[in-house]
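FYI, it's all coordinate maths here, none of it is from the lab. Predicted model only: the values in this text are computed from it and were never measured. Cβ atoms come from the backbone with ideal geometry, glycine included; neighbour counts cover every protein chain shown.
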Amino acid sequence: DAKTTQPNSMESNEEEPVHLPCNHSTISGTDYIHWYRQLPSQGPEYVIHGLTSNVNNRMASLAIAEDRKSSTLILHRATLRDAAVYYCILSLVYNQGGKLIFGQGTELSVKP
Amino acid sequence: GAVVSQHPSWVICKSGTSVKIECRSLDFQATTMFWYRQFPKQSLMLMATSNEGSKATYEQGVEKDKFLINHASLTLSTLTVTSAHPEDSSFYICSARSRGRGSYEQYFGPGTRLTVT
């Protein structure tokens with residue numbers, strides 16, 4: 001499985017944008033880029049996914065580099081409820097039912 | 001949105017006993033369910049992939065005779081930790097992929113905290 005590299009932790013101020021980077025230099029052409037987040041003592045929550053083009057949804061935006069070797073999750077206005085561990089994951093959707101292999105993730109803290 | 005529940009949310013058991021954890025998809029049919037475990041301050045580790053009506057596929061290093069997985073219906077998968085020991089104490093999380101939604105999302109349950117004394 002292709003690996004991802006994320007910073008261990010990041011800090012943000014409330015109401016400011018947050019850019020969470022992810023490197024995936026060994027990504028293959030059919031790997032999708034997924035982002036999930038996990039609040040303390042809860043199961044992970046889907047945030048966004050993409051393949052080649054930038055994606056937007058109500059939670060966040062995903063910017064994918066042209067060579068697909070990196071991506072950035074963008075939270076447009078961080079709130080205290082966004083404090084969580086954010087995981088960037090690669091997966092083949094149709095490989096073994098699209099299993100996800102979690103890395104260490106980035107722990108995001110949001111200051112009021 | 002799709003909801004996955006787990007029961008129980010926490011359980012304490014004595015060493016040597018078995019514990020069953022249920023994972024249910026409440027408003028969709030799950031062709032595939034996944035089981036993870038998570039130790040404190042660590043990431044999720046995939047234990048097995050379970051498809052409805054067939055045997056689970058276990059990840060390398062996970063003992064299939066110790067962690068019994070049954071996916072008897074499109075809405076229910078169970079994980080049984082047999083002869084539990086203190087080192088099995090962990091946070092167990094299931095997730096499910098839906099059939100027919102064309103979705104790449106996995107929906108995660110809230111987790112079950114197992115403590116073996």
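Side notes on the structure shown:
- Taking a straight line from the alpha carbon of residue B:55, these lysines sit under 18 Å away, with near neighbours fewer than eight places off in the same chain left out: A:99, B:20, B:64, B:66.
- With 5 Å bins from 0: P(r) over the protein assembly as shown, alpha-carbon pairs, percent: 1, 7, 14, 18, 19, 16, 12, 8, 4, 1, 0
- Descending principal axes extents, chain A, alpha-carbon based, whole Å: 41, 31, 24
- Inverse mean reciprocal Cα-Cα distance (Kirkwood Rh) of segment B:33-113, Å: 13.3
- Residue order for B:94, A:22, B:23, fewest other beta carbons within 10 angstrom first, comes to A:22, B:23, B:94.
- Using C-alpha pairs under 8 Å with a sequence gap of at least 6, the mean separation divided by the residue count of chain A gives a relative contact order of 37 percent.
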